[in-house]
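Q: Supplied in structure tokens, the structure appears directly below.
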Amino acid sequence: MRNKECVAMILAGGQGTRLGMLTKKLAKPAVPFGGKYRIIDFPLSNCYNSGIDTVGVLTQYQPLALHSYIGIGSAWDLDRRNGGVYVLPPYVREKGGEWYKGTADAIYQNVNFIEMFNPDYVLVLSGDHIYKMDYSLMLDYHRSKQADATIAVIQVPWAEAGRFGIMNTAAGDSITEFAEKPKNPKSNLASMGIYVFDWRVLRAYLAADAADPDSSHDFGKNVIPKMLSAGERLYAYRFDGYWKDVGTVESYWEANMDLLSDEPQLNLYDPKWRIYSVNPTQPSHFVADTARVTCSLITEGCRVHGEVENSVLFPGVYIGAGAKVKDSIIMPYTSIGAHSVISKAIIGRKTVIEAGAQVGVEDPAEQDASKWFSGITLIGDNLTITSETKIKRNALLARS
């Protein structure tokens, strides 16, 4: 193998329990997003657009769909003879094997893969975030600072800072303190889960962390704090574009809704920074003369006869005459029957909503529920909601 300056490692093995039934049979990076994408499309496309052509994707939970989707990486022009994309599940070694125990352990278990390319730098990415970033600029910044590690950061609302790894910085954006999900954050500079490491430095810390029985083998909890304590050069790389951690049903729904405007914050129409995906072979979408569509994404193979407002329709969706769909996400190959009503809901793949059914019905007696719940109704895959059924908002319905 020819040496590579930088190898990217995408952490894509998390279970994503906070996404509930959306990840019951799918790894979070394989969850559909934005009408025609999967979440993993974003880091993979960012790698291609940034000129990084060697990428390891670390999988573990429900890997089948994700492995099938990535294939040999041709959708992202990563089917290279030297480099390209590699799917890296846990494996059995001479002395046995074990699951990835944490983010740092996942990288450590794949040291041999990284060493094949003898890189100067390793770029560690999360496989479950929605954003566009030129990693080559971050790599330039890392070099200019002569850093041992560089962490991409973004300012988040103070009220949400406790959900993230939070950085405190000194002059020149050198990192002085890193707190993982602090109860009382000292700043609102949140880690985006994007790291550039000098490989020789990181390799030593990974080996030491693997030998530490008290470690949880996590970058945020263990490796980064140990590097700071040892006086290594860590810098924050500030990012001010669109970035969303779609780790919850609410944030996933919000990120899809964020695409629905004349000038969305996340511009997917920029020909200089395409987000690539694997798309099913589908005919063009059809909008009947009985239909009314406003502010929505309608993908290939959809047939719309009813009303669709402020919603995202994935491939192969059918909307019957007289149906009303508002503020909702309709997954692939789902059928919404005539005169049914769907309000602020996520409807799973291949589910059938029969004629006259109502999903996301608001109950005046539960007005205060908005204080505790998102108002999003979640219906799982491969279900049939029979005719005239009424399902209240905030409900969760899935196969056992």
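The values are calculated or read from the model by the stated rules, or taken from the named source; none is laboratory data. Model, not experiment: these values are computed from the prediction. Methodologically, a virtual Cβ is constructed for each residue, glycine included, from the backbone with ideal geometry; neighbour enumeration extends over all protein chains shown. These accessible areas exclude ligands, DNA and RNA; they are computed on the full protein's heavy atoms, side chains included. Shrake-Rupley method; radii C 1.70, N 1.55, O 1.52, S 1.80 Å.
Q: Looking at the chain, send over the antiparallel percent of its DSSP beta bridges, to the nearest 5.
A: Details: 24 of 79 bridges.
Of those bridges, close to 30 percent are antiparallel.
Q: If the only charges are +1 at each Lys and Arg Cβ and -1 at each Asp and Glu Cβ, what is the size of the charge dipole of the chain around the Cα centre, to the nearest 20 debye? Mind dumping the intermediate values first?
A: Values: 41 positive and 44 negative charges, 117 e Å.
So the magnitude is around 560 debye.
Q: Given the -39500 (n - 2.57) contribution per DSSP H run of 4+ residues, what per-residue ellipticity at 222 nm results for the chain, rounded to the nearest 500 deg cm²/dmol?
A: Details: 8 runs with 65 residues, N = 400.
About -4500 deg cm²/dmol.
Q: Still on this structure: What are the ³J(HN,Hα) couplings of segment 113-122, residue after residue, when phi is run through the Karplus curve with 6.51, -1.76, 1.60 and θ = phi - 60°? Round to Hz, x for glycine and proline.
A: Using θ = phi - 60°, the values come out as 4, 5, 4, 4, 9, 6, x, 7, 10, 10 Hz.
Q: Over what distance in Å are the Cα centres of segment 277-296 and segment 310-348 separated?
A: 12 Å
Q: Next up: Using the heavy atoms of the protein chains alone and a 1.4 angstrom probe, what is the accessible area of segment 60-132 per residue in square angstrom?
A: On the way: 3520 Å² over 73 residues.
Per-residue value: 48 Å².
Q: Let me ask you something else. At a 10 angstrom cut-off on C-beta neighbours, averaged per residue, how do the peptides 272-281, 46-55 rank from highest to lowest? All intermediate terms of the calculation are to be shown ahead of the outcome.
A: Numbers: 272-281: 14.1, 46-55: 21.4.
My ranking of the peptides, most packed first, is 46-55, 272-281.
Q: Among Ile175, Phe197, Trp158, whose Cα sits farthest toward the positive end of the charge dipole of segment 156-202 (+1 at Cβ of Lys/Arg, -1 at Cβ of Asp/Glu, about the Cα centre)?
A: Going by the charge dipole, the pick is Trp158.
Q: Sticking with this one: Suppose we keep just the DSSP beta bridges with both residues in segment 134-259; what percent of those would be antiparallel, to 5?
A: Numbers: 14 of 19 bridges.
Around 75 percent antiparallel, to the nearest 5.
Q: Given a 1.4 Å probe and every protein chain left where it sits, what share in percent of the accessible area of the chain is carbon and sulfur?
A: Numbers: 8820 of 18050 Å².
Using a 1.4 Å probe with all protein chains present, the chain comes out at 49 percent carbon and sulfur.
Q: Separate question: Going by amide H atoms built from the backbone, whose H comes under 5 Å of the H on His285, apart from near neighbours?
A: Answer set, sorted by chain and number: Gly301, Cys302.
Q: Still on this structure: Determine the per residue accessible area of segment 221-304 with all protein chains present and a 1.4 angstrom probe, expressed in square angstrom.
A: For segment 221-304, the per-residue accessible area is 56 Å².
Q: Another question, if that's okay. From the phi of every residue in segment 4-12, what ³J(HN,Hα) in whole Hz does the Karplus formula 6.51 cos²θ - 1.76 cosθ + 1.60 yield, where θ is phi - 60° and glycine or proline is x?
A: Once rounded to whole Hz, the list reads 10, 5, 9, 10, 9, 10, 9, 7, 10.
Q: Further, regarding this structure: Kindly write out, for segment 149-166 in residue order, the coupling ³J(HN,Hα) from the Karplus curve 6.51 cos²θ - 1.76 cosθ + 1.60 (θ = phi - 60°), rounded to whole Hz, with x marking Gly and Pro.
A: For segment 149-166, the Karplus-derived couplings read 8, 10, 10, 6, 10, 9, 6, 10, x, 4, 5, 9, 4, x, 8, 10, x, 10 Hz, x marking Gly and Pro.
Q: Let me ask another. Ranked from the most accessible area to the least, with a 1.4 Å probe and all protein chains present, what is the order of Lys25, Lys226?
A: Numbers: Lys25 155, Lys226 75 Å².
Largest accessible area first, the residues go Lys25, Lys226.
Q: Express as a percent, rounded to the nearest 5, the fraction of DSSP beta bridges in segment 4-151 (both residues included) that run antiparallel. Write down the numbers at each step before the final one.
A: On the way: 3 of 18 bridges.
Restricted to segment 4-151, the bridges split so that about 15 percent are antiparallel.
Q: Same structure again: Relative contact order for segment 62-151: what percent, with Cα pairs under 8 Å and sequence separation of 6 or more?
A: Details: 25 pairs, mean separation 9.5, N = 90.
Reported as a whole number, the value is 11 percent.
Q: Hey, another quick one. Set the bar at 23 Å for Cα to Cα. Now go through Lys132/Lys183; Lys36/Lys350; Lys183/Lys244; Lys25/Lys272; Lys36/Lys326 and name every pair that lies beyond it. Could you put the intermediate results ahead of the total?
A: Details: Lys132/Lys183 29 Å; Lys36/Lys350 16 Å; Lys183/Lys244 21 Å; Lys25/Lys272 34 Å; Lys36/Lys326 19 Å.
As for pairs spanning more than 23 Å Cα to Cα, those are Lys132/Lys183; Lys25/Lys272.
Q: Taking the Cα centre of each part, how many Å lie between segment 73-98 and segment 27-44?
A: For segment 73-98 versus segment 27-44, the Cα centre distance is 19 Å.
Q: Using a 1.4 Å probe, how large is the accessible area of Met116, given in Å² and rounded to the nearest 10?
A: Number for this one is 90 Å².
Q: Considering only protein heavy atoms, what is the solvent-accessible area of Glu354 at a probe of 1.4 Å, reported in Å² to the nearest 10?
A: Roll a 1.4 Å probe over it and Glu354 shows about 70 Å².
Q: Counting Lys and Arg as +1 and Asp and Glu as -1, what is the net charge of the other residues whose Cβ lies under 15 Å from the Cβ of Gln146? Let's see the in-between values first.
A: On the way: positive: Arg143, Lys145, Arg200, Arg233; negative: Asp120, Asp140, Asp148, Asp173, Asp198, Glu232.
Neighbourhood net charge equals -2.
Q: Then there is this: Tell me whether the chain comes out rounded, prolate or oblate; compute the Cα gyration tensor, take square roots of the eigenvalues as a ≥ b ≥ c, and use a/c under 1.5 as the rounded threshold. Don't jump to the answer; show the numbers that get you there.
A: Details: a/c = 2.01, a/b = 1.74, b/c = 1.16.
It is prolate, given that a/c is not under 1.5 and a/b is the larger ratio.
Q: From the protein chains alone at 1.4 Å, what is the descending order of accessible area for His217, His339, largest first? Let's see the in-between values first.
A: Details: His217 20, His339 130 Å².
Putting His217, His339 in descending order of accessible area: His339, His217.
Q: So if I average 1/r over every pair of distinct C-alpha atoms in segment 54-129 and take the inverse, what Kirkwood radius in Å does that give?
A: Details: mean 1/r = 0.0738 Å⁻¹.
One over the average 1/r among Cα pairs gives 13.5 Å for segment 54-129.
Q: Continuing with the same structure: Which helices of the chain meet both criteria: a Cα extent of 30 Å or more along the helical axis and a mean Kyte-Doolittle score no lower than 0.5, with helices taken as whole DSSP H segments?
A: Values: long enough: none.
Qualifying helices, which must be both long enough and hydrophobic enough, do not occur.
Q: Report the accessible area of Glu300, computed with a 1.4 Å probe over the heavy atoms of all protein chains in place, in Å² rounded to the nearest 10.
A: Roll a 1.4 Å probe over it and Glu300 shows about 60 Å².
Q: Pull out a ≥ b ≥ c, the square roots of the eigenvalues of the alpha-carbon gyration tensor of segment 322-364, then state rounded if a/c is under 1.5, prolate if not and a/b is larger than b/c, and oblate in the remaining case. Intermediate values should be presented prior to the final figure.
A: Values: a/c = 1.99, a/b = 1.29, b/c = 1.55.
Oblate shape, in that a/c is at least 1.5 and b/c is the bigger or equal ratio.
Q: In straight Cα distance, which lysines are under 22 Å from Lys4, not counting same-chain residues fewer than 8 positions off?
A: Lys4 reaches Lys145.
Q: State to the nearest 20 debye the size of the charge dipole of segment 250-290 about its Cα centre, where the only charges are +1 on K and R beta carbons and -1 on D and E beta carbons. It would help to have the intermediate numbers written out before the result.
A: Working: 2 positive and 7 negative charges, 68 e Å.
Roughly 320 debye for segment 250-290.
Q: For a quick check: with amide H placed at 1.01 Å from N, whose amide H comes under 5 Å from Val87's, ignoring anything fewer than 5 positions away on the same chain?
A: Val57
Q: Another question, then. Among Asp77, Asp258, Asp270, whose mean-square fluctuation peaks in a Gaussian network model of the chain (Cα, cutoff 10 Å)?
A: Looking only at Asp77, Asp258, Asp270, the biggest GNM fluctuation is shown by Asp270.
Q: Using only the heavy atoms of the protein chains and a 1.4 Å probe, how would Ser144, Ser251 rank by accessible area, largest first? Present the calculation step by step, with values, prior to reporting the outcome.
A: On the way: Ser144 85, Ser251 10 Å².
My answer, sorted largest first, is Ser144, Ser251.
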